[in-house]
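S.K.: There's a structure below that I have some questions on.
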Amino acid sequence: MSYKEDIADYYKQTQDHYKIWWKLDKGLSLHYGLWEKNTKDFVTALANTNKNMAALSGVTEGAKVLDAGCGVGGAAIYLAKNHKVHCIGITLSEEQKADAIRYAKEKKVSDLVDFQIQDYLNTTFEGNTFDVVWACESMTSAPSKYEFLQEASRILKPGGRIIVSDYFLAEGVKREEHQILLDWEKSWALGPMCSLSELEAFGEDFSLKLTHNKNFSKEILPSAKRMYKSYLYGLLPSEIYNLFHRKVSRFAKHHYKSGMYQYMALKKGLWQHHMIVFKKF
C-alpha cells in the first residue's frame, strides 16, 4: 500500500474517534492545540494554533494560501473568516474533503475556500502560485520531508513563506533506536520524523531560510496528557472489542495505543513541538 493510500485509510478508519475525543465538530481541528496562559478549554486551545500560525506567517488580506494537509478545513475556514484570504486546502482523504466542504458552507466562507484531493509532494499547481504554504501537523505524514520542502518551494512566490507547526525529533535522537517512536509513527501513519536541524539543512537546497522558530512543547503538553488519558480509558474496552471482533480495521484496532506512545515519548524527551517559518529567497 502506498503512503497516500495509507494516510487516506488512516483517516477513513479513525475519523469517528476524533469526533468523539477531539471535539471535531466544534474545533474543526486534528492537532494538539496550544494551551496558553489564560486558555480554559480545549476548543480555545485548538483555535490558538491557528491564531499563532497566522501571526507568525504574516498572512494578510487577499493572500493566496495553500493548506497542505488541510484535515477537515478548520485552518482554511479560520483564515477566510478572520483574514479574508483565499485558501485552497488539499487532503488525501475523501471523508475529510466532504466534511471540510460542509463546515465551510456552515461558516459561510465557501466563496473564499476550496478543498481538493491532492498529494502535497506532487501538486498540480503552477510554480510561484502561493504567498503562504501552511502545514499544521501534516508535514510529519510525508515519507520525505525533503520532497515536501521541494514542492512547497516550487509553488511559492519569491518572498513567500512556509509556516509549519509540527513534531520534531529532539536534537541527537535517532528514531530507529527508540521503538516507541516507530510504534507511534505506525499508529498514526506518519512518515519518518526528523529533527529541526535536518529540516533546516533540507531547506537550503531550495533557497529557503528559517526565519522563525518557537518551541511550543510546554503548550501542547495538556493535549498530550489528554490523549494519554484516552488511552487509559480505552484500553480495556478496546481490547475486549478486538477480542470478539476479528475484522477490526488495522488502524482502528490499535489507535488507542497512540495516546500512550506520543505521551511517553514526549516525557522521555524524544520529540518536541515547534512552530517555524521558512522564507523563499
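S.K.: State all residues of region 75-89 that are under 13 Å from Thr60 (Cα atoms), of a type in the set (A, V, I, L, M) and surrounded by 24 or more Cβ atoms within 10 Å (Cβ to Cβ); if no residue qualifies, say none.
M.R.: Across region 75-89, the qualifying residue is only Leu79.
S.K.: Now a separate question. Could you tell me which numbered condition Gly27 fails, if it satisfies all but one of (1) at pLDDT 95 or above; (2) within 16 Å of the chain's Cα centre (by Cα)?
M.R.: (1)
S.K.: Test Cys136 against the criterion of being touching a Leu at 6+ places or on another chain (Cβ under 6 Å) and closer than 30 Å to Ser258 by Cβ, and give yes or no.
M.R.: Numbers: touching a Leu at 6+ places or on another chain (Cβ under 6 Å): no; closer than 30 Å to Ser258 by Cβ: yes.
No; evaluated as a whole, the condition is false for this residue.
S.K.: With the checklist (1) open to solvent by 10 Å² or more (accessible area, probe 1.4 Å); (2) among the polar types (S, T, N, Q); (3) assigned to a helix (DSSP H, G or I); (4) touching a helix residue (DSSP H, G or I) at 6+ places or on another chain (Cβ under 8 Å) in hand, flag the one item Gln96 doesn't pass.
M.R.: (1)
S.K.: Look at region 70-93 and say how many of its residues are among the aliphatic types (A, V, I, L, M), in a loop (DSSP other than H, G, I, E, B) and within 14 Å of the chain's Cα centre (by Cα). Outline the logic, then answer.
M.R.: Our first condition is that a residue be among the aliphatic types (A, V, I, L, M); within region 70-93, this holds for 72, 75-77, 79-80, 85, 88, 90, 92.
Checking the rest, the ones that are also in a loop (DSSP other than H, G, I, E, B) come to 72, 85, 92.
Among the residues that remain, those that are also within 14 Å of the chain's Cα centre (by Cα) are: 72, 92.
Residues in region 70-93 being among the aliphatic types (A, V, I, L, M), in a loop (DSSP other than H, G, I, E, B) and within 14 Å of the chain's Cα centre (by Cα): 2 in total.
S.K.: Looking for whichever is outside any helix (DSSP H, G or I), open to solvent by less than 10 Å² (accessible area, probe 1.4 Å) and among the acidic types (Asp, Glu) here; the options are Asp67, Asp111. Which one fits?
M.R.: On the way: Asp111 fails: open to solvent by less than 10 Å² (accessible area, probe 1.4 Å).
Answer to the check: Asp67.
S.K.: Right, something else. Test Leu210 against the stated conditions and say whether it is touching a helix residue (DSSP H, G or I) at 6+ places or on another chain (Cβ under 9 Å), crowded, with 16+ Cβ neighbours inside 10 Å, of a type in the set (A, V, I, L, M) and in a helix (DSSP H, G or I).
M.R.: Numbers: touching a helix residue (DSSP H, G or I) at 6+ places or on another chain (Cβ under 9 Å): yes; crowded, with 16+ Cβ neighbours inside 10 Å: yes; of a type in the set (A, V, I, L, M): yes; in a helix (DSSP H, G or I): no.
No.
S.K.: Cβ contacts < 9 Å: first residue at pLDDT 80 or above, restricted to region 220-247; second residue open to solvent by less than 90 Å² (accessible area, probe 1.4 Å) and of a type in the set (D, E, K, R), any location; separation 6+ or different chain. Result?
M.R.: Tyr231/Lys257
S.K.: Further question: Please determine, by comparing only the residues of region 1-50 that are within 23 Å of Tyr120 (Cα to Cα) and among the basic types (Lys, Arg), which one is least open to solvent (accessible area, probe 1.4 Å).
M.R.: For region 1-50, the residue satisfying everything is Lys4.
S.K.: Please give the number of the condition Thr60 fails out of (1) hydroxyl-bearing (Ser, Thr, Tyr); (2) surrounded by 16 or more Cβ atoms within 10 Å (Cβ to Cβ); (3) closer than 20 Å to Met275 by Cα; (4) touching a His at 6+ places or on another chain (Cβ under 9 Å).
M.R.: Of the numbered conditions (1) hydroxyl-bearing (Ser, Thr, Tyr); (2) surrounded by 16 or more Cβ atoms within 10 Å (Cβ to Cβ); (3) closer than 20 Å to Met275 by Cα; (4) touching a His at 6+ places or on another chain (Cβ under 9 Å), the odd one out for Thr60 is (2).
Yes/no per residue for (1) open to solvent by 30 Å² or more (accessible area, probe 1.4 Å); (2) within 15 Å of the chain's Cα centre (by Cα):
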position	(1), (2)
Phe130	no, no
Thr140	no, yes
Pro143	yes, yes
Gln150	yes, no
Pro158	yes, no
Ile162	no, yes
Leu182	yes, no
Ala201	yes, no
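The values are calculated or read from the model by the stated rules, or taken from the named source; none is laboratory data. Note that the structure is predicted; figures quoted are calculated from it, not measured. With ideal geometry, Cβ positions are generated from the backbone for all residues, glycine too; neighbour counts draw on all protein chains shown. Accessible surface areas use protein heavy atoms only, side chains included; no ligands, DNA or RNA. Shrake-Rupley method; radii C 1.70, N 1.55, O 1.52, S 1.80 Å.
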